[in-house]
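See below for the structure under consideration.
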């Protein structure tokens with residue numbers, strides 16, 4: 001989380017009353033506890049650093065430390081050296097929520113309705129409903145280069161040189177088709193290595209195969225078009241086609 005405005009991501013949970021309220025560390029503790037019990041802060045989520053939060057809220061670090069120490073002592077959070085403070089993973093939120101609501105006299109919140117999704121999005125989600133197996137390195141794996149042969153040291157030096165000389169240019173908005181020098185290099189490479197005649201204006205840099213398949217599907221297909229896909233095959237391709245409204 002960016003240190004620039006840590007508290008922004010926590011609003012409206014940190015509703016602190018500066019004048020006429022109870023002690024600030026108690027308000028801070030109550031705000032975090034409520035957010036944890038209501039599920040706004042997920043189990044295992046790392047809380048912001050005490051120093052950054054104190055700076056953003058305009059309070060002393062001691063105030064934040066007192067609030068976090070109470071959260072830890074009451075089992076709402078855990079603290080470990082080098083790992084920061086995290087929301088407890090074994091918290092019985094249902095029981096704590098009921099007891100908290102009785103004490104504070106609050107009515108239980110109505111369950112939030114899930115957002116309405118389009119039919120194409122639901123179809124894509126169905127394609128990925130089964131969890132992916134753990135990654136294993138196997139010989140001749142599809143779509144996987146020889147990672148152990150990758151020139152990591154050379155790559156790191158080239159990236160460092162680029163950032164030192166063209167950082168401002170790289171951080172600004174540029175051609176939506178991709179970094180022009182990169183597209184020129186790709187066009188030259190495919191011409192010499194693959195015999196493909198093209199110019200940099202015909203090269204589009206994407207974020208990966210999935211991005212490319214999705215883009216091509218939207219460019220070439222209209223909703224309802226029939227497409228052929230392998231079965232079994234790459235589920236990401238099928239998902240992209242479904243998202244474009246095609247009928248595999």
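The values are calculated or read from the model by the stated rules, or taken from the named source; none is laboratory data. Note that this is a predicted model, so its numbers are computed, not measured. Glycine also receives a Cβ, built like all others from the backbone with ideal geometry; neighbour counts cover every protein chain displayed.
Listing for the model above:
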| quantity | calculated |
| --- | --- |
| Lone unmet requirement of (1) in a loop (DSSP other than H, G, I, E, B); (2) within 27 Å of the chain's Cα centre (by Cα) for residue 196 | (2) |
| Single condition residue 177 does not satisfy, out of (1) assigned to a loop (DSSP other than H, G, I, E, B); (2) out of contact with any helix residue (DSSP H, G or I) (no Cβ under 7 Å at 6 or more places or on another chain); (3) at pLDDT 90 or above | (2) |
| Verdict on residue 80 being loosely packed, with under 10 Cβ neighbours inside 10 Å, outside the structural domain of residue 234 (by TED's automatic domain parsing) and modelled with pLDDT under 75 | no |
| Tabulated pairs, region 177-191, first assigned by TED's automatic domain parsing to the domain that holds residue 212, second surrounded by 13 or more Cβ atoms within 10 Å (Cβ to Cβ) and part of a helix (DSSP H, G or I), C-beta under 8 angstrom, 6+ apart or interchain | none |
| Qualifying residue in region 214-235 (condition: touching a helix residue (DSSP H, G or I) at 6+ places or on another chain (Cβ under 6 Å) and in contact (Cβ under 8 Å) with a residue 40 or more places away in the chain) | yes |
| Restricting region 127-163 to residues that are modelled with pLDDT under 90 and part of a helix (DSSP H, G or I), the residue that is surrounded by the most Cβ atoms within 10 Å (Cβ to Cβ) | 127 |
| Selection status of residue 144, closer than 30 Å to residue 243 by Cα and touching a helix residue (DSSP H, G or I) at 6+ places or on another chain (Cβ under 9 Å) | no |
| Restricting region 203-213 to residues that are in contact with a helix residue (DSSP H, G or I) (Cβ under 7 Å, 6 or more places away or on another chain) and in a helix (DSSP H, G or I), the residue that is surrounded by the most Cβ atoms within 10 Å (Cβ to Cβ) | 213 |
| Criterion violated by residue 223 - all others in (1) within 26 Å of the chain's Cα centre (by Cα); (2) in a loop (DSSP other than H, G, I, E, B) satisfied | (1) |
| Residue 111 at pLDDT below 85, under 30 Å from residue 231 (Cβ atoms) and either outside the structural domain of residue 210 (by TED's automatic domain parsing) or in contact with a strand residue (DSSP E or B) (Cβ under 6 Å, 6 or more places away or on another chain) (or both) | no |
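Yes or no, residue by residue, for (1) outside the structural domain of residue 85 (by TED's automatic domain parsing); (2) loosely packed, with under 13 Cβ neighbours inside 10 Å; (3) more than 16 Å from residue 75 (Cβ to Cβ); (4) without any contact (Cβ under 8 Å) to a residue 12 or more places away in the chain:
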residue: 17; (1), (2), (3), (4): no, yes, yes, yes
residue: 22; (1), (2), (3), (4): no, yes, yes, yes
residue: 26; (1), (2), (3), (4): no, no, yes, no
residue: 31; (1), (2), (3), (4): no, no, yes, no
residue: 41; (1), (2), (3), (4): no, no, no, no
residue: 44; (1), (2), (3), (4): no, yes, no, no
residue: 56; (1), (2), (3), (4): no, no, yes, no
